[in-house]
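Read through the structure below, which is laid out as structure tokens, and then see the notes.
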Amino acid sequence: MNADGEDVTASYDITYANGTLEVTKKAVTITADSDEKVYDGTALTKDSYTNTALAAGDSIESVTVTGSQTVVGSSDNVPSAAKIVNAD
């Protein structure tokens, strides 16, 4: 519009150029929980975990957590094979 409020679009030779929209992956960290106990001859395992925030509507359906410690000492409790699903 000009100063008088008139549409002057026809006075221009308009060229349109596309922009780019990109969605990148969201980083999420899944951390296997830690635990401890006094030696009793049985294995210590812990299959629970925590995670950083997921996108709205997403949830973790499953995570495999493998770790076992029977004797005195420590070892890794390892999360893997996460499956994240959307409510839709």
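Quick look at the values:
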quantity: The chain, relative contact order in percent, only Cα pairs under 8 angstrom and at least six apart counted; calculated: 24
quantity: Spatial separation of Cα centroids for the range 44-88 and the range 19-33, in angstrom; calculated: 17
quantity: Inter-label distance, nm, simple model (7 Å from Cα along the C-beta direction), Glu6/Asp88; calculated: 4.7
quantity: Interchain or long-range residues, amide H under 5 Å from Leu44's placed H; calculated: Gln69, Thr70
quantity: Protection proxy ranking, peptides 32-44, 12-24, average beta carbon neighbours within 10 Å, highest first; calculated: 32-44, 12-24
quantity: Most mobile of Ser48, Ser74, Ser11 in a GNM of the chain (Cα contacts under 10 Å); calculated: Ser11
quantity: Extended-chain gain in nm, criterion 0.36 nm per residue less alpha-carbon gap, Glu36 and Glu22; calculated: 0.6 nm
quantity: Pairs of lysine residues in the chain - Cα separation under 22 Å, sequence separation of 8 or more or cross-chain; calculated: 4
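Here, each number is a calculation from the coordinates, and none is a lab measurement. Keep in mind that what you see is a predicted model, and the values were worked out from it rather than measured. A quick note on method: Cβ atoms are made from the backbone with ideal geometry, for glycine too, and the neighbour counts reach across all protein chains shown.
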